[in-house]
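Working notes, beginning with the structure itself.
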Amino acid sequence: MIKTYNQIIQNLKEENFTKIYLLMGEEAFFINKISNFFEKKFISEEHRGFNLEIHYGRDSNIETIINSAKSFPMMSDKKLIIVKEGKDLDVFKSSNNSKIDLLINYINNINSTTTLIFCLNNKSLDKRSKLFKAFLEVSTVLDSSSKENKVYDNQIPNFISNEVKRNKFNIREEATILLSESIGNNLEKIDNALHKIFTNKDDNDIKTDDVIKLIGINREYNLFEFQDSLVEKNSLKCGKIVNYF
């Protein structure tokens, strides 16, 4: 089933998991966020050494991954396999029918103790292909490039607010605007900035000063100072800010 990023995140919070995930498309932020959740939280720390495997597409092959997926976990009831840089995995790079059929056969006969995640950053499968249709039957599919997942410029403040709430913080409206205006429509950079704020705050209330201090935004040259200079008709200050940007 195709789901949006928000739907998948909500399912993960509710511990509503599927056995296979196909995460594809151009928006790396969504793919990385979901795979990082599994990597850090799905397997308990004491069992990760035996039951968490991370493969990279260019260094692996579908036979190795399927054989591992068919094996059972050790001292646990679940095993996790994450395939990063999946666009470089042989089965996704070529039209080799034997490799495609091997993966489809596994998709149709899933090992119930294994969760398998394919991360196809900057690649999307042909939705008419038999491989994609096989994924669609039993797995959770994220198309990060779809319009349902697109975050437009005017939606960035709302995106920031939602991410802050998910992490159990509050953020002042002016701080949200300052952050969105200074970083722009780059979800990875916004996420990194928020993470920096979260880890350096003593309380849960994010203010404008926190954004200025922790993200390195110039106190004199920012959106609010520019607005003030317009209201005050301070052409000198306005010109300096314009030149700064």
Identity of the residue in the range 102-129, out of contact with any Leu (no Cβ under 9 Å at 6 or more places or on another chain), of a type in the set (Ser, Thr, Tyr) and more than 18 Å from Phe42 (Cα to Cα), that ends up surrounded by the fewest Cβ atoms within 10 Å (Cβ to Cβ): Ser129
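The rows are residues; the columns are (1) touching a Ser or Thr at 6+ places or on another chain (Cβ under 6 Å); (2) among the charged types (D, E, K, R); (3) free of Cβ contacts under 8 Å to residues at least 24 places away in the same chain; (4) within 28 Å of Glu15 (Cβ to Cβ).
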{"position": "Ile66", "(1), (2), (3), (4)": "no, no, no, yes"}
{"position": "Met75", "(1), (2), (3), (4)": "no, no, no, yes"}
{"position": "Lys84", "(1), (2), (3), (4)": "no, yes, no, yes"}
{"position": "Ser94", "(1), (2), (3), (4)": "no, no, yes, no"}
{"position": "Lys99", "(1), (2), (3), (4)": "no, yes, no, no"}
{"position": "Asn105", "(1), (2), (3), (4)": "no, no, yes, no"}
{"position": "Asn108", "(1), (2), (3), (4)": "no, no, no, yes"}
{"position": "Leu120", "(1), (2), (3), (4)": "no, no, no, yes"}
{"position": "Leu142", "(1), (2), (3), (4)": "no, no, no, yes"}
Residue within the range 82-96 that is of a type outside the set (S, T, N, Q), touching a Pro at 6+ places or on another chain (Cβ under 6 Å), open to solvent by less than 60 Å² (accessible area, probe 1.4 Å) and at pLDDT 95 or above present: no
Residues located in the range 162-212, provided they are assigned to a helix (DSSP H, G or I), open to solvent by 20 Å² or more (accessible area, probe 1.4 Å) and under 17 Å from Val151 (Cβ atoms): Asn162, Lys165, Arg166, Ile177, Glu181, Ser182, Ile183, Glu188, Lys189, Asp191, Asn192
Subset of the range 126-159 [touching a strand residue (DSSP E or B) at 6+ places or on another chain (Cβ under 7 Å) and β-branched (Val, Ile, Thr)]: Val138, Thr140, Val141
Selection within the range 138-160 - in a helix (DSSP H, G or I) and either hydrophobic (A, V, I, L, M, F, W, C) or buried (at least 20 other Cβ atoms within 10 Å of the Cβ) (or both): Val138, Ile156, Phe159, Ile160
Test for Glu27: is it open to solvent by less than 70 Å² (accessible area, probe 1.4 Å), over 29 Å from Lys130 (Cβ atoms), in contact (Cβ under 8 Å) with a residue 24 or more places away in the chain and within 14 Å of the chain's Cα centre (by Cα): no
Unmet criterion (only one of (1) in contact with a strand residue (DSSP E or B) (Cβ under 8 Å, 6 or more places away or on another chain); (2) under 18 Å from His55 (Cα atoms)) for Ile110: (2)
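Kindly evaluate Tyr56 against the criterion of being in contact (Cβ under 8 Å) with a residue 60 or more places away in the chain and hydroxyl-bearing (Ser, Thr, Tyr).
When the stated conditions are applied, Tyr56 does not pass them.
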The range 2-24, subset touching a residue at least 60 places away in the same chain (Cβ under 8 Å) and among the basic types (Lys, Arg), residue least open to solvent (accessible area, probe 1.4 Å): Lys3
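The values are calculated or read from the model by the stated rules, or taken from the named source; none is laboratory data. Keep in mind that this is a model prediction, so the values were computed, not measured. Backbone-built Cβ (ideal geometry, glycine too); neighbour counts: all protein chains shown. All accessible areas refer to the heavy atoms of the entire protein, side chains included, with ligands and DNA or RNA removed. Shrake-Rupley method; radii C 1.70, N 1.55, O 1.52, S 1.80 Å.
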